[in-house]
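For reference, the structure discussed in these notes is given below.
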Amino acid sequence: MTYYGSEKQQRLQRQSDEAQTMIAATPGLVQAGRFFSTDNLDLIDWAFVDERLGKDGVFGFRMVPAMRIEDIRERIGRNYRVDVWNVCKASGSTAMAACTSILNDDVPAGLTRLDLPPGAGDAAIQRIQARMAENGIAPFSGAMLVGKIVPAVTIALVDAHGDIVATGHANMPFNRHSKHRGTAWVGLIAVAAQQRGNGLGRFINALAVRAAFETLGAHEVVEFVHADNTVSRRMIEACGLRLDPGILCGLATPIVDTRFTI
């Protein structure tokens with residue numbers, strides 16, 4: 001299945017795909033698609049964290065109590081930093097009510113909705129991966145995007161020339177051991193530069209949130225947003241999600257690396 005991006009990005013995508021059986025069976029692990037990640041600091045094997053940081057240069061911490069971020073920083077040592085993202089979430093009833101009002105109108109004029117089915121060809125997948133990468137989003141593998149690794153939905157909007165102008169994604173990353181099982185993650189929202197300011201981000205995000213509940217059967221949805229990204233936060237909040245100040249997502253990377261996307 002299609003991998004995309006730099007050599008390192010493709011290696012990490014393949015590694016995440018191939019590790020899914022282990023991730024699904026291991027308390028404390030969560031399928032993040034682009035690196036190993038934990039959603040429970042009390043269950044994770046810290047020797048495993050150290051090993052992956054040494055080999056991959058990245059390790060994720062999802063849905064972590066905000067008060068424990070400093071514990072993570074102290075635990076991983078001075079050679080790594082932990083960037084953090086806020087967590088916004090909503091129940092099905094709240095999110096669906098907000099998204100319904102956004103989606104009352106049909107797909108914007110001149111655009112067509114494109115869904116990636118499990119049998120999607122490499123060309124269609126690569127077009128969506130390319131749009132994500134052009135927006136600074138580290139891509140998922142094709143298998144992740146079409147739902148062959150965890151249940152997932154990927155949606156795109158295509159213009160009259162056949163160009164991908166917006167993308168969105170939802171998946172069920174938490175395993176059966178997690179207290180967050182049944183929660184969907186929505187992300188990979190990308191809009192072509194020439195289409196920004198037209199509400200496409202909000203529209204594609206609403207499509208992905210709705211799919212999380214209607215297609216994936218989630219009972220809650222979460223999205224991650226950096227504290228300084230006010231545009232994305234407004235988009236997320238328009239879909240009914242609200243900031244939970246008690247939890248954060250973190251990503252450990254070497255001090256010298258640029259900020260990764262989660």
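The values are calculated or read from the model by the stated rules, or taken from the named source; none is laboratory data. Note that the structure is predicted; figures quoted are calculated from it, not measured. Please note: Cβ atoms are built from the backbone with ideal geometry, for glycine as well, and neighbour counts cover all protein chains shown. Surface accessibility is based on the protein's heavy atoms, side chains included, excluding ligands, DNA and RNA. Shrake-Rupley method; radii C 1.70, N 1.55, O 1.52, S 1.80 Å.
Here are some notes:
- Residue within the stretch 80-91 that is under 23 Å from Ser141 (Cβ atoms) and either of a type in the set (Gly, Ala, Ser) or more than 17 Å from the chain's Cα centre (by Cα) (or both) present: no
- When Asp244, Asp257 are screened for being closer than 28 Å to Val58 by Cβ, assigned to a strand (DSSP E or B) and either open to solvent by 10 Å² or more (accessible area, probe 1.4 Å) or at pLDDT below 95 (or both), only Asp244 passes.
- Taking the criterion of being of a type in the set (Ser, Thr, Tyr) and in contact with a helix residue (DSSP H, G or I) (Cβ under 9 Å, 6 or more places away or on another chain), the residues of the stretch 229-253 that qualify are Ser232, Thr253.
- Some residue of the stretch 69-87 being under 23 Å from Met235 (Cβ atoms), touching a Gly at 6+ places or on another chain (Cβ under 6 Å) and in contact (Cβ under 8 Å) with a residue 60 or more places away in the chain: yes
- Meets criteria (among the basic types (Lys, Arg) and farther than 24 Å from Val107 by Cβ) for Arg176: yes
- Taking residues in the stretch 13-34 that are in contact (Cβ under 8 Å) with a residue 12 or more places away in the chain and over 14 Å from His180 (Cα atoms), and partners anywhere that are open to solvent by less than 40 Å² (accessible area, probe 1.4 Å) and of a type in the set (Lys, Arg), the pairs with Cβ atoms closer than 8 Å and at least 6 places apart or on different chains are Gln13/Arg34; Ser16/Arg34.
This table checks each residue for (1) modelled with pLDDT of 95 or more; (2) part of a strand (DSSP E or B); (3) open to solvent by less than 40 Å² (accessible area, probe 1.4 Å).
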residue: Pro117; (1), (2), (3): no, no, no
residue: Ala124; (1), (2), (3): no, no, yes
residue: Ile128; (1), (2), (3): no, no, yes
residue: Gly136; (1), (2), (3): no, no, no
residue: Met144; (1), (2), (3): yes, no, yes
residue: Val150; (1), (2), (3): yes, no, yes
residue: Ala184; (1), (2), (3): yes, yes, yes
residue: Gly197; (1), (2), (3): no, no, no
residue: Ile204; (1), (2), (3): yes, no, yes
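- Strands (runs of 3 or more DSSP E) wholly inside the stretch 1-107 containing at least 2 residues that are out of contact with any helix residue (DSSP H, G or I) (no Cβ under 6 Å at 6 or more places or on another chain) and either open to solvent by less than 60 Å² (accessible area, probe 1.4 Å) or closer than 12 Å to Ala252 by Cα (or both): 36-38, 59-65, 80-91
- Scope the stretch 179-193; condition more than 11 Å from Ala166 (Cα to Cα) and not β-branched (Val, Ile, Thr); matching residues: Lys179, His180, Arg181, Gly182, Ala184, Trp185, Gly187
- Residues within the stretch 206-233 that are open to solvent by less than 20 Å² (accessible area, probe 1.4 Å) and outside any helix (DSSP H, G or I), tallied: 5
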